[in-house]
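So the structure is just underneath, and the comments pick up after that.
The values are calculated or read from the model by the stated rules, or taken from the named source; none is laboratory data. None of the values given here were measured: they were computed from a predicted structure. Cβ placement follows ideal geometry from the backbone for every residue including glycine, while neighbour counts extend to all protein chains displayed.
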Amino acid sequence: MGEVGRGPDGAVDDGAQHDDPVADVEQLALRYRTLVEHSPDSVVVHEGGNLVFANPAMARLLGARSVGDILGQPVTRFVAPDDVGPMHDRIDLLTHTGDASAPAEMTLTRLDGATVDVETVSVLTVWHDRRAYQVVIHDLTPQRRAEAAQRRAEQHYTTVVSQLEEGVVVIGRDGRIESINPAALRIFGHDGSNLVGIAIAALPLSFLDTNSQPLPMSRHPVARTLITGETVAQYVFGLDRPDGQRRWLSGSSRLLNPDDPESSAVSSFNDITEFRASRRQLEYQATHDPLTGLANRSLVLSRLAGALGTSEEQPVSTVLFIDLDGFKAINDSLGHAIGDTVLQIVAQRLQRSLRQDDVVGRIGGDEFLVLLSGRTLPVDLSTLVKRLRQAMAEPIIARGHRIHIDASIGVTPLHQGDSRTPEAVLHDADVAMYRAKPQARHEGSQMGRRPNNTHAS
């Protein structure tokens, strides 16, 4: 730097051309001095080891009341002892006027003894024709505070995330894990070793969709977030772990920084395996008979409602109403425990005698309803009814008792566009069943059974 002159006070550049080179230099020096005086960064000049110039920002940085309090002081008075040697090493490398050192961090000591971290750049200049150094000093205190606050925030975030029962995984755009919390490791069934840097697709895990079908990582919601930036909320997926366990997770994925489309994605999820099992159990209990495990009245009527009124081929072609003849006599003579056993065996025989797509339900007491799926020809239907009655007629052994039982079966076919309600179909099937009872009693007597077609011994 050239000599820093004070220049004429109050000089104003009116934009006119000047022929006097000296006046031009003085005008330029005035402008430069004005910039230095108002600079937010501190600027000093030291020559011969002493401070010969400082701007007001430098005085404030060192805690001085005015610039005069620090001028003439050795520059080393304000430099931390450990930084004095490196400072001299840097400025000794400057050989030509205008040469500048690389930015370097150092610690200054204020007049009150406090320290402040700064970044400095030294420039070789001249001061009254003598070798000097101009130093531009940037106070790092705001930056250090921001960095400390950022570290505290990151530490708080890490502490909170590590304590969560919710699994949290941050996945980079290359598909590799950038961070993973302990809950995620537990859910993954991992031994806790470091997974950071490993591609999530390379983990010994198999992802499943809600139908328990394989879910490639390319179709995982996290991949969608990374590709499109879209937030995917409340998705459910399955996970087959290395220990053979299958876990079901409910999660969401979003960009770590929504303002940066190139940001990593964060996936957070909860293990809902027990909840899902409990919900399915509740759903099962709400739609199935607790004694026999068959569909209950509510589920059967719901399936029947879905089959009625359609103009397409009927998913249910025929409804069978089955009543166990004389079942009350079994309960009265042998007790309800044996009666329950009889109902359970009857339910098993019905299921074995029907197709997998047929719906078998217990709608109350000793009454069962069957929804036959697909098209059923009359001859086939007649054969099926006989087979069901024969299955019912097989002796039942319950707690040492040999029980013979028969059944009356009412048949009600459905047709395309059937406008009946499920209750109406159920009523029609019930009526058909009662019409079938005399025939059942007659056939039972021909087979050597009691008129009520029920015998217990």
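Of note:
- In the set (1) outside the structural domain of SER179 (by TED's automatic domain parsing); (2) in a loop (DSSP other than H, G, I, E, B); (3) crowded, with 17+ Cβ neighbours inside 10 Å, the condition left unmet by LEU304 is number (2).
- Here VAL316 clears all of (1) at pLDDT below 90; (2) surrounded by fewer than 20 Cβ atoms within 10 Å (Cβ to Cβ) except the condition numbered (2).
- Qualifying positions in the stretch 245-262 - in a loop (DSSP other than H, G, I, E, B) and in contact (Cβ under 8 Å) with a residue 40 or more places away in the chain: GLN245, LEU256, GLU262
- Identity of the residue in the stretch 89-135, without any contact (Cβ under 8 Å) to a residue 24 or more places away in the chain and among the acidic types (Asp, Glu), that ends up farthest from ARG77 (Cα to Cα): ASP92
- Looking across the stretch 51-68 at every residue that is touching a residue at least 60 places away in the same chain (Cβ under 8 Å) and over 19 Å from ALA114 (Cβ atoms), the one that is surrounded by the most Cβ atoms within 10 Å (Cβ to Cβ) is identified as PHE53.
- Entry remark, the stretch 41-93: residues being small (Gly, Ala, Ser), assigned to a helix (DSSP H, G or I) and touching an Asp or Glu at 6+ places or on another chain (Cβ under 9 Å) number 2 in total.
- Pairing residues of the stretch 376-390 that are assigned by TED's automatic domain parsing to the domain that holds PRO413 and under 15 Å from ASP358 (Cβ atoms) with residues that are among the small types (Gly, Ala, Ser) and buried (at least 16 other Cβ atoms within 10 Å of the Cβ), at Cβ distances under 9 Å and at least 6 apart in sequence or on separate chains, gives THR376/SER317; LEU381/SER317; LEU384/SER353; VAL385/ALA436; ARG387/SER353; LEU388/SER353; LEU388/ALA407.
- Sole exception among (1) surrounded by 15 or more Cβ atoms within 10 Å (Cβ to Cβ); (2) in the same structural domain as TRP248 (by TED's automatic domain parsing); (3) out of contact with any Ser or Thr (no Cβ under 8 Å at 6 or more places or on another chain) for LEU71, by number: (2)
- Residue-level check: of (1) under 22 Å from VAL160 (Cβ atoms); (2) part of a strand (DSSP E or B); (3) in contact with a Phe, Trp or Tyr (Cβ under 8 Å, 6 or more places away or on another chain), ALA233 misses just (3).
- Some residue of the stretch 320-334 being buried (at least 18 other Cβ atoms within 10 Å of the Cβ), acidic (Asp, Glu) and at negative phi: yes
- Taking the stretch 161-226 as the region of interest, the strands (runs of 3 or more DSSP E) fully inside it that hold 1 or more residues being at pLDDT 90 or above and either closer than 16 Å to PHE237 by Cα or not assigned by TED's automatic domain parsing to the domain that holds ASP243 (or both) are 167-171, 206-208.
- Top-ranked residue in the stretch 394-439 [being modelled with pLDDT of 90 or more and small (Gly, Ala, Ser); ranked as surrounded by the most Cβ atoms within 10 Å (Cβ to Cβ)]: ALA407
- Against the criterion of being farther than 25 Å from THR97 by Cα, assigned by TED's automatic domain parsing to the domain that holds VAL121 and either of a type in the set (A, V, I, L, M) or at pLDDT 75 or above (or both), SER39 does not qualify.
- Residue in the stretch 125-147 that is of a type in the set (Gly, Ala, Ser) and not assigned by TED's automatic domain parsing to the domain that holds ARG65 present: yes
- SER382 meets the stated requirement of being small (Gly, Ala, Ser) and either assigned to a strand (DSSP E or B) or under 17 Å from GLY410 (Cβ atoms) (or both).
- The listed residues are ASP357, ASP332, ASP289, and the only one of them that is among the acidic types (Asp, Glu), within 23 Å of TYR434 (Cβ to Cβ) and in contact with a strand residue (DSSP E or B) (Cβ under 7 Å, 6 or more places away or on another chain) turns out to be ASP289.
- Where a residue in the stretch 265-282 is assigned by TED's automatic domain parsing to the domain that holds ILE227 and its partner, wherever it lies, is not in a strand (DSSP E or B), with Cβ under 6 Å and at least six apart: ALA265/VAL222; ALA265/THR225; ALA265/LEU226; VAL266/LEU256; SER267/VAL222; SER268/GLU166; ASN270/GLU166; ASP271/ILE187
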